[in-house]
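Single-structure report; data block below.
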Amino acid sequence: MNRLASAQSLYLRQHANNPVHWWPWCDEAWNQAKIQNKLVIVSIGYSACHWCHVMEREVFEHISSAEIMNQHFICIKVDREEHPHIDAVYMDAVHVMGRQGGWPLNMITTSQGIPVFGGTYFPKHIWEKTLQDLFSIQTHQPEELHKYADHMREALNEWYSKRGGEASDLHALFEDVLVSWSKKWDRYYGGDLRAPKFPMADEYLLLLAASQREHEPEFSQHVQRTLHRIHAGGIFDAVGGGICRYSVDERWHIPHFEKMLYDNANMLLVYSRTAQITKDPEFLWAAEDIYQWLQREMRLKSGLYAASLDADVNGVEGSYYAWTASEWNMHLGDDSEWTKIFQIEGAARWEHDLNVLYREKSWQDCAEQWGGKREEIYARWREDRKLLLNARKDRPAPSRDDKMVLSWNAMLISALIKYEVVSSDSEVLKEAQIMFDKLSDMTHPASGWLAHTNTLAEDATDVLLEDYAFLSRAALDIFKCCGDVNYLDAACRLVKQLILQFSDDTSSLFRQCASIQDWIGAQRMDIEDNVISSANSVVCGVLFELGYLIDDASWTNRAYAMRKEALSQVRGVHGSARWLWESWWMQEHRIWIVVSGEYALKRTRELRVIAPFHWEILPLTSESELAIFKNRFTPNETTYVCVHELCLEPITGYHSGSDLFDKIMNMVKHVE
């Protein structure tokens, strides 16, 4: 075994039996590189990654590869889920080199950590030749290597210091982005006209917001089309629930089968929000499937959630989720309606006589074809699929990475708050509150700052913006749900801490990592919205809302400055979706509603189910000195409505949430 045998990270332990002399990311490894004057292999991945496993089997387990690596290089293994800031810098370096990014990410660096070569998956013969060539260059032409390292350092510095000009008019920017993007939509399968396809939660939320605000039904229709197709495809586990990371084809049919906590948190939020807006039960069913999968397969004894499920079982990808026709028939019968609905041996066919369940039709279309109501046919499927779920329990299961990632769990809290609106589960809010308390206690022992995961080494000191961003967002979302000012206070404390730790003298944006990344010489700002929102776009929204709620102009002004700097760099929706919809609500008239009185919580819940996207609804159940609550508590049912700085006449005399909704709509239509 090598040095990874005692690591807390599952991904690192998976490489403990490699003949490669792996180090974890640590000062000692870098010191050895300097002492021995060796180049460094930084190999980055995560435990659920299919191609990471492939490269391990094909390269790192082979003596010939290990001999070259051990003799001429210092070899460092990095779990990207423990060290996303390290992964991000080296992924940027790959892009600067003009290569495609992904995982595994394999970077060759100088002993100072400056990248000189990189890529993703390498077959064994190419990997060995590449290493031999690099060692030869270091031996015979070291000045060329140093020259290229200097070039890369300068290129990364330029990459991180680049600033756009003035942001264009927001309405013009939104129109340009949305119109140009819509030309690339896949109007049959949803998403964009490309493969592979990733579920992009921020992009769907942007379209839902744009549809409501601009009265453009086409935007909402594209989201609905996409979400129906995802729920019908193999990317969504029709038997057990949960969404895989991406589909390799345009139909959302065949995924890479790893299931990540962050994807499922994001899509739980999107399906819940879409169910709330459209009242289509199919979106609620999808949200319920995700939530139940999370509870059954991802919830840890601590009450927090595991990071991922592996794509592979015993080196075979997808075997846990696929079915032969004979297996299917044994459990459900060869003439069952499900055989036709899920197209067994038809469109569901994959490889090796296996089928990955695939519906071409929505449940509404299935009901029309087979007769009955869709609620009835879906209820029958939920009952019958238990036979498949029980059968699957007898199969070897994918390994679960029990690492608790703070930011991902915080993302799930925000999703649970949205799910609570459309579900009938009264325990969801309580679960979110318990999770928040547990995450708040995940700190570095010495400093008390938030710790990114529970698997970091005891002497780890890196503090990451994303943890403060998503946890403050979670606190704010809980506050808006229940009106408990303690959560607002917690959000304010977290924001004060992140301003202290992550501010940068050269920018209104915040650094990704609190510590100075001397090995590159520049500070990376996390501003790109991808499958996970950028930490800075999340902070921007939190600062703006908190500034309004506590009447602190310095925070709202910081949010405006962040928006201006970020939008000056927008080149399209991909990478900017959350910035765009956060900016939209900062620019437009967000409506703040305080519901006071004996039935404030009940009325707030009723109102949220039918409220438009831009209504912020807060229950007030007791006296409070908070700016937005001050002098507004009354035991009698009274609702206060403010459109930015304009506060309207209090509303009384309503007897239900729908009655209150009508009164608010009638009032605000004259001022929006």
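The values are calculated or read from the model by the stated rules, or taken from the named source; none is laboratory data. Predicted model only: the values in this text are computed from it and were never measured. Don't worry about glycine lacking a Cβ; one is built from the backbone with ideal geometry, like all the others, and counts go over all protein chains shown. Just the protein is used for accessible areas: all its heavy atoms, side chains included, with ligands, DNA and RNA removed. Shrake-Rupley method; radii C 1.70, N 1.55, O 1.52, S 1.80 Å.
Overview of results
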| quantity | calculated |
| --- | --- |
| Extension gain, Arg296 back to Ala325 (0.36 nm per residue minus Cα-Cα distance, nm) | 7.8 nm |
| Signed unit charges on C-beta, dipole axis of the stretch 567-638, positive-most listed residue Gly597, Ser622, Ala611 | Ala611 |
| Principal-axis tilt of helix 535-550 within the chain, Cα atoms, nearest 10 degrees | 30 degrees |
| Label-point gap, in nm, between His125 and Trp350 - each point 7 angstrom along Cα→Cβ | 3.0 nm |
| On Cα atoms only, tilt of 142-161 relative to the major axis of the chain in degrees | 10 degrees |
| Unit charges on C-beta of K, R, D, E only; dipole of the stretch 282-349, Debye | 320 debye |
| Under 29 Å from Lys430, Cα to Cα: lysines that are on another chain or at least 8 residues apart | Lys259, Lys279, Lys301, Lys386, Lys403, Lys418, Lys438, Lys480, Lys496, Lys602, Lys630 |
| Most to least packed among 229-238, 591-600, 613-622 [average Cβ atoms within 10 Å] | 229-238, 591-600, 613-622 |
| Distance between the stretch 71-133 and the stretch 206-248 - C-alpha centres, whole angstrom | 34 Å |
| Cα gyration tensor of the chain - equivalent ellipsoid semi-axes, whole Å, descending | 42, 33, 22 |
| Dipole magnitude of the stretch 376-473 about its Cα centre (Cβ charges: Lys, Arg +1; Asp, Glu -1), debye to nearest 20 | 600 debye |
| Charged-residue dipole, Cβ positions (Lys, Arg, Asp, Glu), the stretch 547-602 about Cα centre, Debye nearest 20 | 260 debye |
| Efficiency of FRET between Arg187 and Lys496 - r from beta-carbon atoms, R0 45 angstrom, step 0.05 | 0.45 |
| Sequence ranges 623-636, 460-473, ranked by mean other-Cβ count within 10 angstrom, highest first | 460-473, 623-636 |
| 1.4 Å probe accessible area per residue over the chain, in Å² | 39 Å² |
| Probe 1.4 Å, all protein chains present, accessible-area order of Arg80, Arg493, largest first | Arg493, Arg80 |
| Computed label-point distance, nm, for sites Met665 and Glu588 using a 7 Å Cα→Cβ extension | 1.6 nm |
| Gain on full stretching of the segment that runs from Ala446 to Gln212 - 0.36 nm per residue minus C-alpha separation | 79.5 nm |
| FRET E, pair Asn314, Lys393, Förster distance 22 Å, beta-carbon r, rounded to 0.05 | 0.85 |
| Gain upon complete extension [Arg571, Glu645; 0.36 nm per residue less C-alpha separation] | 23.4 nm |
| Length-normalised contact order of the stretch 135-259 in % [C-alpha pairs under 8 Å, at least 6 apart] | 19 percent |
| Carbon/sulfur fraction of accessible area - the stretch 260-393, other protein chains in place, 1.4 Å, % | 47 percent |
| Ordering of 126-134, 576-584, 291-299 by burial proxy (mean other Cβ atoms within 10 Å per residue, highest first) | 576-584, 291-299, 126-134 |
| Angle in degrees between helix 124-140 and the longest Cα principal axis of the chain, rounded to the nearest 10 | 60 degrees |
| Three-way shape label, the stretch 1-145, alpha-carbon gyration tensor, a/c 1.5 | rounded |
| Residue (of Asn31, Ile478, Ala155) at the positive-pole extreme of the chain, dipole from beta-carbon charges | Ile478 |
